[in-house]
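A.B. asks: My questions will all concern the structure given below.
The values are calculated or read from the model by the stated rules, or taken from the named source; none is laboratory data. Remember, predicted model here, so these are calculated numbers, not experimental data. Cβ: placed from backbone, ideal geometry, glycine included. Neighbour counts: every protein chain shown.
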Amino acid sequence: MNVLFFHASVGEGHRTAAKALIKALEKHFPDWEYEEADILELAGPFWTKFFRGGYLWIVDNAPWFWGLMFRLWNFPGRGFRGRLQRWIDLAIFRKVTEEYLADKDFDIIIATHFYPIEVLIAMRDDGADVPPFFEVVTDFTFHQYWVQDDPDGLFLAADTLVPLYESAGVRCPVEVTGIPIRPDFEESGEGRILLDELGLDPDKFTVLILSGGAGVGPVREVATDVGKLDIDAQQITVCGRNNDLCDWFATRDFKLPTAVQGFITYMPDMMRAVDLIVSKTGGMTTSEALACGTPMVAMDLVDGQERWNAMTLEQCGAAIRVRRWQDVAPAVEALYCDRDLLERMTEAAKGLGRPFAARDILAKAEELAKR
């Protein structure tokens with residue numbers, strides 16, 4: 001089996017999902033071959049900067065505008081605006097995709113973004129010999145731009161999403177597999193042993209505050225507020241690659257025992273070691289927390305897919321959703337005091353968690369392709 005993992009690095013999550021699928025292939029299907037392609041890089045540096053740089057700038061500097069765009073784009077693809085959007089996408093991406101695939105011989109294509117799916121559908125409709133291709137939705141959300149005409153399979157994060165996509169006109173097989181995450185989340189891990197290694201108490205209520213790989217967001221403010229709580233707890237803050245943030249924490253004292261980490265490679269152990277995670281709700285972080293069975297205080301700070309993710313977690317009982325960073329500490333204190341609620345949220349997280357999502361997507365894609 002020769003697989004193409006096709007993505008668009010508009011946001012990091014789509015690339016990360018493709019990388020997770022590659023890791024799962026190397027672990028569970030070592031005799032398969034694969035290749036990875038980024039449709040933005042195929043299109044060239046201008047479009048890479050336009051889409052990737054534009055998205056990151058908007059999310060960091062004008063998140064309200066991203067929320068507005070997210071809503072405005074949520075229109076049926078068969079209407080005028082949907083056809084116009086698809087025409088623009090094909091004008092940018094079709095020719096370079098055809099040139100890339102011209103001398104390739106893939107058995108299946110798995111795309112973690114909708115741009116490649118749009119192009120592959122157009123090519124097949126025009127009579128091109130295109131291998132079976134599959135679409136992986138990388139958020140706990142419904143949006144019309146994921147609703148494409150007849151890929152050979154659609155993989156979703158949760159059962160609650162199935163009727164939404166089917167009612168929007170999806171006609172291909174729909175599978176609930178979860179969002180692909182790295183295979184190291186499949187293992188049980190060391191759990192709370194890690195707390196002792198960090199100089200913390202393995203038996204104490206522990207909160208993990210995440211800032212993403214880049215170490216952005218109101219991490220200082222959240223950790224400071226949680227660190228002032230009058231509860232018998234402790235906290236861990238992960239600063240990612242933000243060395244300035246790590247240095248800032250090194251100069252601060254908190255009422256609660258606090259451990260500070262930079263960029264780490266043992267996130268599965270970290271997530272399993274704690275009682276509660278505080279984080280924004282990108283699709284990958286959310287899936288990793290659920291795979292570890294750890295509930296969240298979901299910071300719903302950016303409208304768009306992250307808001308939908310937070311709403312889905314809240315509706316399923318695996319998170320408390322807060323709209324302001326100032327509400328994080330009260331939510332943490334409430335869960336510390338209400339252990340029954342925390343236990344119910346933990347069970348809900350375990351029920352939603354799909355640590356073998358990447359493996360299952362590969363196996364199901366092979367099965368569907370053979371049909």
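A.B. asks: Residues Thr312, Thr285: which one is closer than 29 Å to Asp196 by Cα and of a type in the set (Ser, Thr, Tyr)?
C.D. replies: On inspection, the qualifying residue turns out to be Thr285.
A.B. asks: Let me ask something else about it. Pull up region 292-308, narrow it to residues that are at pLDDT 90 or above and touching a helix residue (DSSP H, G or I) at 6+ places or on another chain (Cβ under 6 Å), then point me to the one that is surrounded by the fewest Cβ atoms within 10 Å (Cβ to Cβ).
C.D. replies: Gly293
A.B. asks: Ok, one more. With respect to Ala8, determine if the residue is touching a His at 6+ places or on another chain (Cβ under 9 Å), over 17 Å from Ile92 (Cα atoms) and of a type outside the set (S, T, N, Q).
C.D. replies: No; evaluated as a whole, the condition is false for this residue.
A.B. asks: Another one. Only one of (1) of a type outside the set (Phe, Trp, Tyr); (2) in contact (Cβ under 8 Å) with a residue 40 or more places away in the chain; (3) surrounded by 17 or more Cβ atoms within 10 Å (Cβ to Cβ) fails for Val260. Which number is that?
C.D. replies: Answer for Val260: the failing condition is (2).
A.B. asks: If a residue must be closer than 24 Å to Glu186 by Cβ and touching a residue at least 60 places away in the same chain (Cβ under 8 Å), how many such residues does region 311-345 contain?
C.D. replies: Residues in region 311-345 being closer than 24 Å to Glu186 by Cβ and touching a residue at least 60 places away in the same chain (Cβ under 8 Å): 3 in total.
A.B. asks: In region 287-312, which residues are assigned to a helix (DSSP H, G or I) and closer than 20 Å to Asn74 by Cβ?
C.D. replies: Correct list: Gln305, Glu306, Arg307, Trp308, Asn309, Ala310, Met311, Thr312.
A.B. asks: In region 100-139, what count of residues is obtained for those that are surrounded by fewer than 13 Cβ atoms within 10 Å (Cβ to Cβ) and touching a helix residue (DSSP H, G or I) at 6+ places or on another chain (Cβ under 8 Å)?
C.D. replies: Summing the residues that are surrounded by fewer than 13 Cβ atoms within 10 Å (Cβ to Cβ) and touching a helix residue (DSSP H, G or I) at 6+ places or on another chain (Cβ under 8 Å) in region 100-139 gives 1.
A.B. asks: Next question. When you check Gly240 against the structure, is it touching a Ser or Thr at 6+ places or on another chain (Cβ under 7 Å), free of Cβ contacts under 8 Å to residues at least 40 places away in the same chain and either in a loop (DSSP other than H, G, I, E, B) or not small (Gly, Ala, Ser) (or both), yes or no?
C.D. replies: yes
A.B. asks: Let me ask something additional. In region 321-349, which residues are in contact with an Asp or Glu (Cβ under 7 Å, 6 or more places away or on another chain) and not in a helix (DSSP H, G or I)?
C.D. replies: Those that are in contact with an Asp or Glu (Cβ under 7 Å, 6 or more places away or on another chain) and not in a helix (DSSP H, G or I): Arg321, Val322, Arg323.
A.B. asks: A follow-up question, please. Inspect region 217-226 for any residue being at pLDDT 90 or above, more than 28 Å from Gly11 (Cβ to Cβ) and charged (D, E, K, R) and give the result as yes or no.
C.D. replies: No, region 217-226 contains no residue that is at pLDDT 90 or above, more than 28 Å from Gly11 (Cβ to Cβ) and charged (D, E, K, R).
A.B. asks: Do we find a residue being among the hydrophobic types (A, V, I, L, M, F, W, C) and in contact with an Asp or Glu (Cβ under 8 Å, 6 or more places away or on another chain) anywhere in region 25-41?
C.D. replies: no
A.B. asks: Return the only residue of Ile39, Ile58 being surrounded by 12 or more Cβ atoms within 10 Å (Cβ to Cβ), within 25 Å of Ile179 (Cβ to Cβ), at pLDDT 90 or above and not small (Gly, Ala, Ser).
C.D. replies: Sole residue among the options that is surrounded by 12 or more Cβ atoms within 10 Å (Cβ to Cβ), within 25 Å of Ile179 (Cβ to Cβ), at pLDDT 90 or above and not small (Gly, Ala, Ser): Ile39.
A.B. asks: Would you mind telling me which numbered condition in (1) over 17 Å from Gln326 (Cβ atoms); (2) at pLDDT below 85; (3) surrounded by fewer than 21 Cβ atoms within 10 Å (Cβ to Cβ); (4) more than 16 Å from the chain's Cα centre (by Cα) Leu245 fails?
C.D. replies: The number of the failed condition is (3).
A.B. asks: Now, a different point. Looking at region 277-291, is at least one residue under 19 Å from Ala233 (Cα atoms), crowded, with 22+ Cβ neighbours inside 10 Å and free of Cβ contacts under 8 Å to residues at least 60 places away in the same chain? Outline the logic, then answer.
C.D. replies: Quick first cut of region 277-291, residues under 19 Å from Ala233 (Cα atoms) only: 277-279.
Adding the requirement that they be crowded, with 22+ Cβ neighbours inside 10 Å leaves 277-279.
In the following step, the residues that additionally are free of Cβ contacts under 8 Å to residues at least 60 places away in the same chain were identified as none.
For region 277-291, residues under 19 Å from Ala233 (Cα atoms), crowded, with 22+ Cβ neighbours inside 10 Å and free of Cβ contacts under 8 Å to residues at least 60 places away in the same chain: absent.
A.B. asks: So, restricting to strands (runs of 3 or more DSSP E) that lie completely within region 148-235, which ones have at least 1 residues that are in contact (Cβ under 8 Å) with a residue 40 or more places away in the chain and crowded, with 20+ Cβ neighbours inside 10 Å?
C.D. replies: Hits in region 148-235: 154-156, 205-210.
A.B. asks: Considering only region 24-40, how many residues are in a helix (DSSP H, G or I) and either at positive phi or hydrophobic (A, V, I, L, M, F, W, C) (or both)?
C.D. replies: Going through region 24-40 one residue at a time, the tally reaches 4.
A.B. asks: Could you check region 350-366 and list, in sequence order, the residues that are in a helix (DSSP H, G or I) and at pLDDT 95 or above?
C.D. replies: Matches in region 350-366: Ala357, Ala358, Arg359, Asp360, Ile361, Leu362, Ala363, Lys364, Ala365, Glu366.
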